[in-house]
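Here the structure comes first, spelled out in structure tokens, and everything after it is commentary.
The values are calculated or read from the model by the stated rules, or taken from the named source; none is laboratory data. Not measured: the values here are computed from a predicted model. A quick note on method: Cβ atoms are made from the backbone with ideal geometry, for glycine too, and the neighbour counts reach across all protein chains shown. Side chains are part of the model used for accessible areas, which takes the heavy atoms of the whole protein and leaves out ligands, DNA and RNA. Shrake-Rupley method; radii C 1.70, N 1.55, O 1.52, S 1.80 Å.
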Amino acid sequence: MSNRLFIFDTTLRDGEQVPGCQLNTVEKIQVAKALEELGVDVIEAGFPVSSPGDFKSVIEISKAVTWPSICALTRAVEKDIDVAAEALQYAKRKRIHTGIGTSDYHIQYKFNSTREEILERAIKCVKYAKKYVEDVQFYAEDAGRTDNEYLARVVEAVIKAGATVINIPDTTGYCLPEEFGKKIKYLIEHVDGIDKVTIATHCHNDLGMATANTISGILNGARQAEVTINGIGERAGNTSLEEVAMVFKSHKDLDIVTNINTPKIYKTSKMVSSLMNMPVQPNKAIVGRNAFAHSSGIHQDGVLKNRESYEIIDPKDVGIEDPNSIVLTARSGHAALKHRFQVLGIEMEKDELDIAYQEFLKLADRKKNITDDDILVIAGKHRDKDARIKLDYLQVTSGVGVRSVASVGLNIAGERFEACATGNGPVDAAITAIKQIIHRQMIVQEFLIQAITRGSNDVGKVHMTVEYDGNHYYGFSANTDIIAASTEAFIDAINKFVR
Ligand code: KIV
Ligand code: ZN
């Protein structure tokens, strides 16, 4: 068996299913190009039948990317496969990923069907996809909870029907590493023709086992790992790319190699976190802010004497430079800021950089330590410059024992509107004033304020969900003034439905 492990990245499909993390096509192309540079073998670019946006993104990513295969997801439904094939028309290498739930939970409750019928549907969808492309990947959804004997029958049948890759998802994140590894081994030992195809792992992290299960699957013979950057994905997320890549880079004894260009990991992680407004937990393995921070005196002493006393990975191997090498302050010039953007995976044209630089100076005047997260917030502000509704000004008075009052000025497609309102707190007053300008029935459903780093001069990130006409719209902003950030997040959400 070859020792080459293929990396299948599903950040843009399974990762993008996280509520509030949706990207537009331009942002998806940016991520896809970063994944290509990182060296992934396959990019799952979307689920084309699910929305016109996904369809368009698969087309545009196919045009933008050269080396990795582009994969499109479908259900075991002919229409899905037709649409996926059409979306993949420009891909230089293309793959259709089709499949169906095989656990009894799915068969009985989701499909109200029988094992025999599901087996037939599995064969049919692979044969149908094969009419369009040579490379057909089959997924047995909820394979983690599927009876091994039945799973082996399905896998054998779809291989006969022409599948080239067999994906074994632990959809609900239920398995334990030994159990998942045994499942892969069972298939290798019991399925005719399995040696002609690649077996893939696709693990979810509901019990915190996603990476462990993936590694166990690979050690038992799987040769494709399905992963996302930063482990993002629905619920507790998917297996994280950087963890799998660094496990095999660190453990040479396992003799498994990937094509991942590991010094690109950090900037890709930062780019995805910034575009998806999804902070990386500080203690996240490999890419978290504290992943290489030594705070105890004993550890600091040990690392200074010899890095390897307490570090198994050289931070440079994942692209983390010495964060103190260039410190950004109010006296830093364009070049220093541009360099920092590049380290974080953000490219800007000269005029965009000029605007971002002005934002940077404003922030540096208010805040002594400019962190990478602050820089990403500035990059995010620059992306909002084409919004239809912009906040012109905001003035609030609030305090203890008084009712809050807000005056708000909005610029809507170039026209100026003003309103003043009182409220149960400054944010409520500002939102009430905005509602006086934009006469719609809008309800704030979720409202979360997070400090990015620490300290009272920190930038606050605000995530907000606004319900309008039965749909939910996500808004985000960041500002050292949390009332301003909350108001901007509300405006960001309404920009998604006010045309
Ligand atoms: O988790 C899962 O089962 C999936 C499949 C669609 C591959 O994401
Ligand atoms: Zn999944």
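Within the set Tyr128, Tyr150, Tyr139, the sole residue that is part of a helix (DSSP H, G or I), hydroxyl-bearing (Ser, Thr, Tyr) and under 30 Å from Met209 (Cα atoms) turns out to be Tyr150.
Here is a yes/no grid of residues against (1) farther than 26 Å from Val377 by Cα; (2) exposed (fewer than 15 other Cβ atoms within 10 Å of the Cβ); (3) hydroxyl-bearing (Ser, Thr, Tyr):
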| site | (1), (2), (3) |
| --- | --- |
| Gly399 | yes, yes, no |
| Val405 | yes, no, no |
| Val408 | no, no, no |
| Asn424 | yes, yes, no |
| Val462 | no, no, no |
| Tyr468 | yes, no, yes |
| Ser477 | no, no, yes |
| Asp492 | no, no, no |
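Restricted to the range 99-139, and to residues there that are closer than 24 Å to Glu36 by Cβ and of a type in the set (Ser, Thr, Tyr), the residue that is nearest to ligand 1 (Cβ to nearest atom) is Tyr139.
Taken over the range 87-135, the criterion of being open to solvent by less than 70 Å² (accessible area, probe 1.4 Å), more than 16 Å from ligand 2 (Cβ to nearest atom) and more than 16 Å from Leu73 (Cβ to Cβ) is satisfied by Asp104, Ile107, Phe111, Ser113, Thr114, Ile118, Leu119, Ile123, Lys130.
To keep it simple, each residue is scored yes or no on (1) in contact (Cβ under 8 Å) with a residue 24 or more places away in the chain; (2) among the hydroxyl-bearing types (Ser, Thr, Tyr).
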{"site": "Gln22", "(1), (2)": "yes, no"}
{"site": "Pro68", "(1), (2)": "yes, no"}
{"site": "Ile81", "(1), (2)": "yes, no"}
{"site": "Leu88", "(1), (2)": "yes, no"}
{"site": "His97", "(1), (2)": "yes, no"}
{"site": "Thr102", "(1), (2)": "yes, yes"}
{"site": "Ile107", "(1), (2)": "no, no"}
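Within the range 22-57, can you find the residues that are surrounded by fewer than 18 Cβ atoms within 10 Å (Cβ to Cβ) and within 16 Å of ligand 2 (Cβ to nearest atom)? Across the range 22-57, the qualifying residue is only Ser50. Test Leu35 against the stated conditions and say whether it is aliphatic (A, V, I, L, M) and closer than 18 Å to Arg93 by Cα. Here the answer is yes, as Leu35 does meet what is asked. Name every residue in the range 271-325 that is assigned to a loop (DSSP other than H, G, I, E, B), small (Gly, Ala, Ser) and at pLDDT 75 or above, in order of residue number. Answer for the range 271-325, where residues must be assigned to a loop (DSSP other than H, G, I, E, B), small (Gly, Ala, Ser) and at pLDDT 75 or above: Ala285, Gly288, Ala291, Gly319. Listed by position, the helices (runs of 4 or more DSSP H) enclosed by the range 158-270 that each have at least 3 residues that are farther than 23 Å from Pro315 by Cβ and either within 16 Å of ligand 1 (Cβ to nearest atom) or open to solvent by 10 Å² or more (accessible area, probe 1.4 Å) (or both) are 177-190, 210-219. Just one residue in the set Arg403, Arg366, Arg416 is of a type outside the set (A, V, I, L, M, F, W, C) and closer than 24 Å to Tyr468 by Cβ; that residue is Arg416.
Among the numbered conditions (1) assigned to a strand (DSSP E or B); (2) in contact (Cβ under 8 Å) with a residue 24 or more places away in the chain; (3) open to solvent by less than 70 Å² (accessible area, probe 1.4 Å); (4) not acidic (Asp, Glu), tell me where Ile434 comes up short. The number of the failed condition is (1).
Being among the charged types (D, E, K, R), open to solvent by 30 Å² or more (accessible area, probe 1.4 Å) and touching a helix residue (DSSP H, G or I) at 6+ places or on another chain (Cβ under 6 Å) holds for only one residue in Glu446, Glu349, Glu359, Glu418, and it is Glu359. For the range 5-42, the tally of residues that are more than 16 Å from ligand 1 (Cβ to nearest atom) and closer than 16 Å to Leu241 by Cβ stands at 12. Taking into account only those residues within the range 326-344 that are part of a loop (DSSP other than H, G, I, E, B) and modelled with pLDDT of 75 or more, which is most open to solvent (accessible area, probe 1.4 Å)? Taking the candidates together, the pick is Arg331.
When restricted to residues that are open to solvent by 20 Å² or more (accessible area, probe 1.4 Å) and either at pLDDT below 95 or more than 24 Å from the chain's Cα centre (by Cα) (or both), the range 68-82 contains 4.
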